[in-house]
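Quick notes on the structure that follows.
All of the numbers you see were taken from the coordinates with simple rules; none came from a lab. Everything quoted here is computed from the prediction, not taken from an experiment. Here the Cβ is made from the backbone with ideal geometry for all residues, glycine too, and neighbour counts use every protein chain on show.
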Amino acid sequence: MTQEGYDLLKQELKHLTTVERPDVINAIAEARAHGDLSENAEYHAAKERQGYIEGRIQELNGKLASANVIDVSKLSGDKIVFGATVSFVDVDTEEEKRYKIVGEDEADLEQNKISVNSPIARALIGKKEGDTLVIPIPKGSIEVEVLEVEFLV
């Protein structure tokens, strides 16, 4: 994953442990004070939320412990690799696209970040500016030409 993705996971973990976890513990204590737990919807909702939070904390701890952080600022060259920002044009429609290739946990299409495991990224890896390639997509395939390869932080 990129340093940016690593920092985002650490930030989420900190929020869960310092804000969410104490809030849900207080909600459980408050719901317990209301009496009969068998018919207490607030208690059951808080316990369910607690289970989600604890599971996510464990998941984040595991991901952060095994993370291989790539410093994109130290990458260079003309070949497309993990961390590269790639601009390409659809040969048929002349529609231009620009994506940054990131780890699975960082992928966000709204921010033009695609997972290194996505079909588009897998097809682009190893190519360079000027290369033409066919990318498999759910609707079939598209032919694209790589316009630019950058390594932006």
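When the chain is treated as a GNM, springs tying every alpha-carbon pair under 10 Å, which of Asn112, Asn68, Asn40 comes out with the largest mean-square fluctuation?
Asn40
Exactly which trypsin sites (Lys or Arg not before Pro) in region 110-153 are in a DSSP loop and have at most 12 other Cβ atoms within 10 Å?
Of the trypsin sites (Lys or Arg not before Pro), the ones in loops of region 110-153 whose Cβ has at most 12 other Cβ atoms within 10 Å are Lys139.
Based on Cβ point charges of +1 for Lys and Arg and -1 for Asp and Glu, what charge dipole magnitude is obtained for region 72-150 about its Cα centre, in debye rounded to the nearest 20?
For this selection, approximately 360 debye.
Along the charge dipole of the chain, which of Ser66, Ala45, Leu124 sits closest to the positive end, that is, farthest toward it, with unit charges on the beta carbon of Lys, Arg, Asp and Glu (+1, +1, -1, -1)?
In the chain, that residue is Ser66.
Taking the Cα centre of the chain as the origin, how large is its charge dipole in debye, to the nearest 20, when only Lys and Arg (+1) and Asp and Glu (-1) carry charge on their Cβ atoms?
Roughly 560 debye for the chain.
Quick one: of Lys10/Lys128; Lys10/Lys127; Lys14/Lys100; Lys74/Lys97, which pairs are farther than 30 Å apart, Cα to Cα?
Lys10/Lys128; Lys10/Lys127
Roughly how far apart, in whole Å, are the Cα centres of region 66-107 and region 18-33?
A separation of 42 Å, based on Cα centres.
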